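The next block holds one structure in the form of C-alpha cells; read it before the comments.
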Amino acid sequence: MKAGSFLAMIFVVTLVLLGELQASEAVTCSASQLSECVGAVTSSQPPSSACCSKMREQQPCLCGYMKDPSLRQYVNSPNARRVANACGVAVPSC
C-alpha cells in the first residue's frame, strides 16, 4: 500500500471514529464531514465544491479540531491550509 493511500485511510478512519463535538455557534462539529476533502488534502488536486461547502460549514469548528491531538496534524498540514485557502476559508490562529 502506498504511503499516501495509507495516510488517507488513517485520516478517514480517524475522522469517522472521532464523533461529534459541539461548537459555540450552534454548528454541529463533526470532523467526519470533512471526509469530502481527503482527496484534496492528501494530494495536490483542487478541492471539490462539496469539500468547500463542508469546509465553510465546519469553519467554526476548526480551532477545536486543531486542539485535538488526533486531528491536529491533519488540520494544520500545509495541504489542509491550501485547501482551506482555495475554498475561501480563513484558517484561524487558535
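General remarks:
- Applying a threshold of 9 Å to beta carbon distances and a minimum spacing of six or more residues, or different chains, the list of pairs starting in the stretch 71-89 at a residue that is closer than 13 Å to residue 42 by Cα and ending at one that is of a type in the set (D, E, K, R) and modelled with pLDDT of 90 or more reads 75/68; 75/81.
- Flag if residue 50 is modelled with pLDDT under 90 and in contact with a helix residue (DSSP H, G or I) (Cβ under 8 Å, 6 or more places away or on another chain): no
- Yes/no for residue 87 being at pLDDT 95 or above, surrounded by 18 or more Cβ atoms within 10 Å (Cβ to Cβ) and in contact with a helix residue (DSSP H, G or I) (Cβ under 6 Å, 6 or more places away or on another chain): yes
The values are calculated or read from the model by the stated rules, or taken from the named source; none is laboratory data. Computed from a prediction, not measured in an experiment: that's the story for all the values here. We place every Cβ from the backbone using ideal geometry, glycine too, and count neighbours over all the protein chains shown.
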